[in-house]
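Since the structure comes first, as structure tokens, the remarks are kept for the end.
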Amino acid sequence: MTRFGTPSMALGCDNDGWMDSRDVVVVGGGVIGLGVAWRCAQRGLTVTVVDDRPGRGASHAAAGMIAPVSEVTYGEETLLTLTMESARRWPGFAAELERASSHPIGHLREGSLAVALDADDNRALEALFRFQRSLGLDAERLTGSECRELEPALVPGVRGGVLVRGEQQVDNRATTAALLLACERAEVELVAARADEVRFVGDRVVGVAVGGEPIEAPVTVLAAGAWSGSLPGLPPGVLPPVRPVKGQILRLMSPGGGKDRLLQREVWGRVEGREAYLVPRASGEIVVGGTVEEQGFDTTVTVEGVRAMLTAAFTLVPGIDECELVEATAGLRPATPDNAPVLGPSALDGLVLATGHYRHGFLLLPVTADAVAEVVVSGQVPEEIRAFSIDRFTRAGAPA
Ligand SMILES: Cc1cc2nc3c(=O)[nH]c(=O)nc-3n(C[C@H](O)[C@H](O)[C@H](O)COP(=O)(O)OP(=O)(O)OC[C@H]3O[C@@H](n4cnc5c(N)ncnc54)[C@H](O)[C@@H]3O)c2cc1C
């Protein structure tokens, strides 16, 4: 077992010969596990994160959009309350994280623009706009020429659009790097290994086993992303109903880098019946995504996936053909039956859940980190996450 980072200050030795103990073990060092670990350490707890590849799960693939209004979906109004609250917290969270880590995370508030390329799409966009307005959300309907005034690189045939001012984005990889640095400075211990199984004393979870060694704590946080639904040792009724949903994604670089950016804001559209987006970074990088595939734990990048994304991006913004294709990769979104996360206490004492963030792990980072740390520190479940307890899946009549 390799350990790195700053060792916990709460070292001790119990009767079983365990060499150290801490207040909380976090299984999973993606954006969610690291966010929870950082917040717990800031509140005075000794924390260990266990992950053989921290920051390299879905968090490495993501686009980093923080766009609750553009991404609002029919039937997911409860989730909207959480996503809006988290987006509200993002500017403060970003500033605090950058201060704590001395690492910029590329937080931008340039807004997002959904566009329609034909009459059918424009009708669908109109329906989305009415839905957004019925929920009291701030969105503006634009004509095709107004869209092109804002984003001259859009294809001339654009029929109309919906603009959401102020929607945010972060650079996903810079954010996980900053979280790792902030955790290290807050003396979070990182154990570079996979947790093999959960450990119990009676019915109580007391940590995990790593390479045959116990890592023990009064509280264990399960934040293992798409792998959360299959951590060995937990009984089926306790495991959160999380499955992997594959997303392929591309990274392009504009010829002039950050100078003369092709796009100013996130652009969404539908091409060949599939949703596509382009997310421009200040550096000139453009992230193009993303496929949504039920393929289990497969992360193969396919010709069809890359073709579909490039076709969509080129159809929306023809000038991207000048860009360098820097990377094609795939990640596994941790999805639940209702597309909302599973947060808070589990059916077992000592086990807290922070998983199932599906398409919104970055968007939901601030609210998740704050609320789950509160559960760990005080045992109280904050109001904003009460609707996201695992109980909604275990009650009679719960969604399958
Ligand atoms: C293509 C794509 C685009 C996306 N775009 C966006 C976006 O624009 N905005 C947004 O908000 N979200 C986006 N998402 C979703 C977002 O990436 C996820 O919701 C988020 O990264 C989930 O974070 P996580 O920490 O739960 O999981 P992960 O980042 O997957 O981290 C889980 C970690 O757990 C570790 N682990 C697993 N099993 C064990 C074990 N047994 N022991 C120890 N460690 C273990 C893994 O190594 C991994 O590092 C996107 C996702 C994809 C795939």
(request) Can you work out which of the residues in region 155-166 that are open to solvent by 10 Å² or more (accessible area, probe 1.4 Å) and within 24 Å of R88 (Cβ to Cβ) is nearest to the ligand (Cβ to nearest atom)? (result) G166
(request) Residue by residue through region 121-139, note down the ones that are exposed (fewer than 15 other Cβ atoms within 10 Å of the Cβ) and touching a residue at least 24 places away in the same chain (Cβ under 8 Å). (result) A124, E126, L135, D138
(request) Kindly indicate whether E184 is open to solvent by 40 Å² or more (accessible area, probe 1.4 Å) and within 17 Å of V26 (Cβ to Cβ). (result) yes
(message) Are there strands (runs of 3 or more DSSP E) fully within region 1-120 with at least 3 residues that are surrounded by 19 or more Cβ atoms within 10 Å (Cβ to Cβ) and at pLDDT 95 or above? List them.
(response) 24-27, 47-50, 112-116
(request) Considering only residues that are farther than 19 Å from L353 by Cβ and not in a strand (DSSP E or B), look in region 199-220 and name the one that is farthest from the ligand (Cβ to nearest atom). (result) G202
(message) Every residue in region 252-280 that is basic (K, R) and touching a Leu at 6+ places or on another chain (Cβ under 8 Å), please.
(response) R265, R270
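The values are calculated or read from the model by the stated rules, or taken from the named source; none is laboratory data. Since the structure is predicted, the reported quantities are computational estimates derived from the model, not experimental observations. Cβ coordinates were reconstructed from backbone atoms using ideal geometry, including for glycine residues, and neighbour counts include every protein chain displayed. Accessible surface is based on the protein model in full, side chains and every heavy atom, while ligands, DNA and RNA are left aside. Shrake-Rupley method; radii C 1.70, N 1.55, O 1.52, S 1.80 Å.
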